[in-house]
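The values are calculated or read from the model by the stated rules, or taken from the named source; none is laboratory data. The structure displayed is predicted, hence computed values, not measured ones. When we count neighbours, we look across all protein chains shown, and the Cβ atoms used for this are built from the backbone with ideal geometry, even at glycine. The protein model used for the area step is the full one, side chains on, heavy atoms only, and it has no ligands, DNA or RNA in it. Shrake-Rupley method; radii C 1.70, N 1.55, O 1.52, S 1.80 Å.
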Amino acid sequence: MSMKLLFNNFTALVLLLLSATSEACHSSCGKLGNITYPFRLKGDQHSCGKVNYELDCENNHTILHLYSGKYHVEEINYDTFTMRVVDVGLQKDNCSSLPLQSLMHGNFSHGDPYELSAFNSAVNFLECAAPVKSAPYLDTALCSKNSSSNLSLSLSQTHSYVVVGDIRASDVEDSCSIGMVVWVSNSHLKINNSSFSGIHNGLLYGTELLWPRICYLDYVLWKVQLPCALLDPFYFSAKYGGPYFGKILDFPLF
């Protein structure tokens, strides 16, 4: 039997075993009825999922604790390796509710379990000492009087605006400063930036995160490309070679 045939048989066996293991570890919380590998709920068996992808279930809501923020998990897509999350400070039908934390590229570092998907747009919250009448500044005064936002200055002393999209330092008015930036998914919902309530609906749709690794079993004569999740639990032990005469290399999905 050739070496390649042996390897193919071994790979099929490993995937079958991993599939059987993962099928035994399914959890649910609220609207998410199929939480499975690499995710786990707090309190699940240690063999289920990975610690870096542990979620909480609070009041029938799936919760992600990310850096200093807390987010409702609205959707997990195992086909695209994406998760959509919403800051817990946001409330439906209450456009005065704002995110409690910034969530932008600067929050993430290489090697973190999550990163921002490319399918997000920036929503910038600004505070200005003087009124601003020019586009693209959108006044949030009608919605922000009772806000629980964590912006640095009291809203009673400033004028509050939101700008959708990338903003350069040269675009910020002299009397203004950026207090918070939240990246919001634009993959399925175009943000309506004609009113703050439209932008608020975009914030409620959520931010798209991804767990982006794809692994390659790199052999001399061929490569096998598989999601890293399917290569665990032997991923770390085999990462730099091992009994299979190859290396497992991981690359970003996007």
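Of note:
- Residue match in the stretch 17-29 (condition: open to solvent by 30 Å² or more (accessible area, probe 1.4 Å), among the aliphatic types (A, V, I, L, M), without any contact (Cβ under 8 Å) to a residue 40 or more places away in the chain and within 30 Å of residue 168 (Cα to Cα)): no
- Taking the stretch 26-53 as the range and being touching a Leu at 6+ places or on another chain (Cβ under 8 Å) and not in a loop (DSSP other than H, G, I, E, B) as the test, the residues that pass are 27, 29, 35, 40, 41.
- Filter result (among the basic types (Lys, Arg) and open to solvent by less than 20 Å² (accessible area, probe 1.4 Å)) within the stretch 40-50: 40
- Checklist (1) on the phi > 0 side of the Ramachandran plot; (2) more than 14 Å from the chain's Cα centre (by Cα); (3) in contact (Cβ under 8 Å) with a residue 60 or more places away in the chain applied to residue 99, failing item: (1)
- Residue list for the stretch 98-135, restricted to those being among the hydrophobic types (A, V, I, L, M, F, W, C) and not in a loop (DSSP other than H, G, I, E, B): 103, 116, 122, 123, 125, 126, 128
- Per-region count, the stretch 81-94, residues open to solvent by less than 40 Å² (accessible area, probe 1.4 Å) and of a type in the set (S, T, N, Q): 1
- Matching residues in the stretch 168-194 - criterion: being under 28 Å from residue 74 (Cα atoms), at pLDDT below 90 and open to solvent by 40 Å² or more (accessible area, probe 1.4 Å): 186, 187, 188, 189, 190, 192, 193, 194
- The stretch 82-92, residues that are assigned to a loop (DSSP other than H, G, I, E, B) and more than 16 Å from residue 140 (Cβ to Cβ): 88, 92
- Which numbered condition residue 127 fails, given (1) of a type in the set (Asp, Glu); (2) under 26 Å from residue 52 (Cβ atoms); (3) at pLDDT 90 or above: (2)
- Residues considered: 78, 67, 53. Of these, the only one that is in contact with a helix residue (DSSP H, G or I) (Cβ under 7 Å, 6 or more places away or on another chain), closer than 19 Å to residue 113 by Cα and surrounded by fewer than 20 Cβ atoms within 10 Å (Cβ to Cβ) is 67.
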